[in-house]
Amino acid sequence: MSEETELQLAKLFHPYAYEAIERAKNEDLKFAHYTSADAALSIIRNSELWMRGVAVMNDYSEIQHGQSCIANAWKQTPYGGRLRAVLDRLQVGLVDEIVNLFDGHQPGRFKDTYLLSICEHGKEGTHESKLGRLSMWRAYGGNTNVAFVFNNRPFFSNSNALSAYSTPVLYATEADFVIEFARLVENLENNFDQLAALRTEDVVQHLFFALHFAVVSTKHPGFAEEREWRVVHCPSLWPSQNIDFQVHSINGVPQKVYTVKLQDHPTEGFVGATLPDLLEEIIIGPTEYPDPIYQALVHELVKAGVSDAAQKVRKSNIPLRR
């Protein structure tokens, strides 16, 4: 499938994500990953990022909220019936095939979805780009927090090398979600000829993925200031030879963690993911120990082959008392 065809299908089935990704590319958006200094050492030394299960995320309504939004939009608004009607025009009974596929994966969405959480970083020249985001310093990393700032190239790669996919989070109430659900339905209605040109099995898969990603990337609007994006991996749906899991105990909770190695897969079209290429900078958050953390991180970055390491680590001077 050509890149142009993929873009057209993304606009058709994923209008919210498509627009967010285009904006991010046009603005050369950077992503920040807030974590502890201890975790930062592990990321640099092992050259890997961890993807954790949704069951251990800080939003205890993960997945359930998105599932409720889908159910409301489908069953309690006219758009569910309109979606059924447009699919019946393609093939009678097609909607039931999609519903059965979607419902059949409901248990796996909670038990078998792993995420790497990143957030939009402030544009160059803003206070946030220099200092980091205070709310994130307060929420993540404890008393020795650190923010990795990454460029966006690998996150928007068209490669399937990792079978892990970047998506913006939609912060929505059930009513807000209906607006986005309506956009999907209207897209299918207004572009029926494009839809009809697809193979039936492709329609099923594209719509299933649209609904699936809507569930795993919709959050309560109370978290909106985080401006989160997610890298999503569902091993049962998209197995990958390049991502594996280990069991770790985190805060006393043993759990499976999938690891993304910071390495390229050039034969599969995935490049720019090594730490020297990916890393824009590291910001050390408000802490009593900025100097020792700075020295340690610079030392480890040098060992990891990052040039100009001393210039890529700096300290936020937000006067937050811990």
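What figure in square angstrom, to the nearest 10, would you give for the accessible area of TYR34 with a 1.4 Å probe?
Its accessible surface works out to 20 Å², give or take rounding.
Using a 1.4 Å probe on the protein heavy atoms only, what accessible surface does LYS315 show? Give it in Å² to the nearest 10.
Approximately 90 Å² of LYS315 is accessible to the 1.4 Å probe.
When the helix-only estimate is applied to the chain (DSSP H runs of n ≥ 4, each -39,500 (n - 2.57), divided by the residue count), what is the mean residue ellipticity at 222 nm, nearest 500 deg cm²/dmol?
Calculated from helices alone, the mean residue ellipticity at 222 nm is -13500 deg cm²/dmol.
Of GLY104, TRP50, PRO168, which is farthest on the positive side of the dipole of the chain, counting Cα position, with +1 on Lys and Arg Cβ, -1 on Asp and Glu Cβ, and the Cα centre as origin?
TRP50
Could you give the size of the charge dipole of segment 171-225 about its Cα centre, using +1 on the Cβ of each K and R and -1 on the Cβ of each D and E, expressed in debye and rounded to the nearest 20?
About 140 debye.
Dividing the Cα radius of gyration by the Kirkwood radius, what Rg/Rh value follows for segment 174-274? Present the calculation step by step, with values, prior to reporting the outcome.
Working: Rg = 18.3 Å, Rh = 17.4 Å.
Rg divided by Rh gives 1.05.
Please report the antiparallel percentage of the DSSP beta bridges confined to the chain, to the nearest 5.
Just about 90 percent of them are antiparallel.
Quick check: from the Cα gyration tensor, does segment 16-68 come out rounded (a/c under 1.5), prolate or oblate? Present the calculation step by step, with values, prior to reporting the outcome.
On the way: a/c = 2.88, a/b = 1.12, b/c = 2.56.
Note, shape of segment 16-68 comes out oblate.
If you look at just the Cα atoms of segment 258-313, how large are its Rg and its Dmax in Å?
13.6, 45
Calculate what fraction, in whole %, of the accessible area of the chain sits on carbon and sulfur atoms when a 1.4 Å probe is rolled over the protein chains.
Details: 7700 of 15440 Å².
With neighbouring chains kept in place, the figure for the chain is 50 percent.
Could you rank the peptides 126-138, 235-247 by their average count of other C-beta atoms within 10 Å per residue, with the highest value first? Please report the intermediate quantities before stating the final value.
Numbers: 126-138: 16.8, 235-247: 13.5.
Highest to lowest by the protection proxy: 126-138, 235-247.
Along the positive direction of the dipole of segment 205-312 (beta-carbon charges: Lys, Arg +1; Asp, Glu -1; about the Cα centre), which of ALA214, ASN251, VAL271 reaches farthest?
Value: ALA214.
Would you mind estimating how fast segment 1-154 diffuses translationally, via Stokes-Einstein at 37 °C and 0.692 mPa s with the Kirkwood radius over Cα pairs, in µm²/s? Mind showing how you got there, number by number?
Values: Rh = 19.1 Å.
This corresponds to a translational diffusion coefficient of 172 µm²/s.
In terms of modelled amide H atoms, which long-range or inter-chain residues lie less than 5 Å from the amide H of THR144?
Close amide H contacts, sequence-distant or interchain: ALA37.
Report, to two decimal places, the Cα Rg of segment 211-260 normalised by 2.2 N^0.38 Å (N = number of residues). Don't skip to the answer; put the middle values down first.
Numbers: Rg = 13.9 Å, N = 50, 2.2 N^0.38 = 9.7 Å.
Relative to the rule-of-thumb radius for its length, segment 211-260 sits at 1.42.
Taking the simple approach of a point 7 Å from Cα along Cα-to-Cβ for both GLU288 and MET57, what is their distance in nm?
3.4
What pairs from LYS75/LYS111; LYS123/LYS312; LYS123/LYS219; LYS30/LYS261; LYS25/LYS123; LYS25/LYS303 go past 22 Å between their alpha carbons? It would help to have the intermediate numbers written out before the result.
Numbers: LYS75/LYS111 25 Å; LYS123/LYS312 17 Å; LYS123/LYS219 24 Å; LYS30/LYS261 20 Å; LYS25/LYS123 13 Å; LYS25/LYS303 31 Å.
The answer is LYS75/LYS111; LYS123/LYS219; LYS25/LYS303.
When the Cα atoms of the chain are enclosed in a convex hull and the volume is divided per residue, what value in Å³ results? Present the calculation step by step, with values, prior to reporting the outcome.
On the way: hull volume 44.8 nm³, N = 322.
Dividing the Cα hull volume of the chain by its residue count gives 139 Å³.
Extension gain THR200-ILE318, at 0.36 nm per residue separation less the Cα-Cα distance, in nm? Could you put the intermediate results ahead of the total?
Numbers: separation 118, 0.36 × 118 = 42.48 nm, distance 5.51 nm.
Stretched fully, the THR200-ILE318 segment lengthens by 37.0 nm.
P(r) tail for segment 64-185, what percent of Cα pairs lie past 19 Å?
On the way: 4950 of 7381 pairs.
Value for segment 64-185 (Cα pairs over 19 Å): 67 percent.
The values are calculated or read from the model by the stated rules, or taken from the named source; none is laboratory data. No experiment lies behind these values; they were computed from the predicted model shown. As a convention, Cβ positions derive from the backbone with ideal geometry for all residues, glycine included, and neighbour counts pool all protein chains shown. We work out accessible area using only protein heavy atoms, side chains counted, and drop any ligands, DNA or RNA first. Shrake-Rupley method; radii C 1.70, N 1.55, O 1.52, S 1.80 Å.
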